[in-house]
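To start, the structure itself, in structure tokens.
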Amino acid sequence: MKYEVVLNGKKYEIEVERGEAILIDVSDVQAVAPVAPAPVAAPEPAAVAAPVAVSAAVTSGEVIAAPLPGKILSLAVEQGDAVKAGQLICIIEAMKMENEVLCPRDGTIAAVQSAVGATVETGTPIVVLV
């Protein structure tokens, strides 16, 4: 393909050839540039799952919240489960790393406030422990 360009009053003839590299010839000055793939558009952000309503009966308890922003990959507990200190509550994916959220003490899960696939921010409630 041939082009004519006027830049600062000076006329340049440009010829571009495509192949495994791009050959650009500007008024007898040549440059070769490697061909790079076109940039890939960023994927659409994942839809945020609707928050799970907390039972009105849950009026007290310790909220176990997300320690970092990410996506809930799995929930290892359900409402009513008896849990021990150190037991797995959920796994949060953040920056391609899987992070375990562990129970801080013995107790019972009074409510589950998140869902698998939900996007959470630091401090987002996951479960309520009584």
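Every number here is computed from the coordinates shown, using simple stated rules; none is lab data. From a predicted model like this one, the values you see are computed outputs, not experimental measurements. Reconstructed Cβ throughout: ideal geometry from the backbone, glycine too, with neighbour counts over all protein chains shown.
A few comments on the model shown:
- Formal net charge of residues neighbouring CYS103 (Cβ-Cβ distance under 13 Å; K, R +1; D, E -1): -2
- Count Lys and Arg as plus one, Asp and Glu as minus one, and take only other residues whose Cβ is under 15 Å from that of VAL83; the net charge is then -3.
- Restricting the calculation to Cα atoms, every distinct pair contributes to the Kirkwood radius of segment 62-129, found to be 11.6 Å.
- Cβ-placed point charges (K, R +1; D, E -1), dipole of segment 62-129 about Cα centre in debye, nearest 20: 80
- Approximating the spin labels as points 7 Å out from Cα along Cα→Cβ, the VAL63-to-ARG105 distance works out to 1.8 nm.
- Amide N of segment 95-130 lying under 17 Å from the label point, which is placed 7 angstrom from the Cα of GLN79 along Cα→Cβ: 108-116, 125-130
- Ordering of 94-106, 69-81 by packing [mean C-beta count within 10 Å, highest first]: 69-81, 94-106
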